[in-house]
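Here's the structure, in structure tokens; my notes come after.
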Amino acid sequence: MKIYTKKGDTGETSLIGGTRVPKCSMRIESYGTVDELNSHLGLIRDQEINSKYKTQILEIQDRLFTIGSSLASDPGKSKMKIPGLFDEDVENLERWMDEMDGDLPEMKSFVLPGGHPTVSICHIARCVCRRAERIVVDLMQNEHVDEVVPRYINRLSDYLFVLSRKLTQDLGAIESPWKPRM
């Protein structure tokens, strides 16, 4: 089987279920951004970080494929069974954040992204995650989206922020607080 089909040469693609949509549709934009986020998470996982976080990220990447499948499906026409996303997946992110947060100093101000290349990658992933969330919320205004999807993506951006702080600590980097000029 060849990877190319030439069916998308006219600017359209198929959703799961067969519906043809423009490649610039909000549904395509949503799962494309989730895919971009997944690639950034792969880059974080490739860094020299604690294996516990690598395992968590691998699980998150799996969930992002689940989300991508859900977003790539035509809610009215797809009869294909896709994997599910559950409240338990959101709760896992919360539990992991609580574990990391227990070891971190209290935040007293906003934190400037950076301090170490790995930490910076986390912040980039967090920003892409927030963009994915905005696109999914926009999609929800007109089309069906599984209600767990926006909650998971929202929580994931929080997870990535806490992970960036934890990696700052683990890597001995300096966390730079934002000091607004007044």
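Listing for the model above:
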| read-out | value |
| --- | --- |
| Unmet requirement for Arg95, which otherwise passes all of (1) assigned to a loop (DSSP other than H, G, I, E, B); (2) farther than 13 Å from Leu156 by Cβ; (3) not hydroxyl-bearing (Ser, Thr, Tyr) | (1) |
| Residues located in segment 21-67, provided they are assigned to a helix (DSSP H, G or I) and either touching a strand residue (DSSP E or B) at 6+ places or on another chain (Cβ under 8 Å) or acidic (Asp, Glu) (or both) | Arg27, Ile28, Glu29, Asp35, Glu36, Glu59, Asp62 |
| Scan of segment 131-147 for residues that are within 17 Å of Glu91 (Cα to Cα) and out of contact with any Ser or Thr (no Cβ under 9 Å at 6 or more places or on another chain), ordered by number | Glu147 |
| Test result for Ser109, among the polar types (S, T, N, Q) and either surrounded by 12 or more Cβ atoms within 10 Å (Cβ to Cβ) or outside any loop (DSSP other than H, G, I, E, B) (or both) | no |
| Residue count, segment 1-35 (criterion: more than 18 Å from Thr66 (Cα to Cα) and not hydrophobic (A, V, I, L, M, F, W, C)) | 17 |
| Residue match in segment 2-18 (condition: surrounded by fewer than 16 Cβ atoms within 10 Å (Cβ to Cβ), part of a helix (DSSP H, G or I), more than 19 Å from the chain's Cα centre (by Cα) and among the hydroxyl-bearing types (Ser, Thr, Tyr)) | no |
| Residue identified as farther than 30 Å from Gly18 by Cβ and touching a Pro at 6+ places or on another chain (Cβ under 9 Å) among Val111, Val137, Val90 | Val111 |
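Read-outs throughout are calculated quantities, based only on the coordinates presented, and are distinct from any laboratory measurement. On a predicted model such as this, the values are computed, not experimentally measured, just so you know. Heads up, the Cβs are rebuilt from the backbone with ideal geometry, glycines too, and the neighbour counts pull from every protein chain shown.
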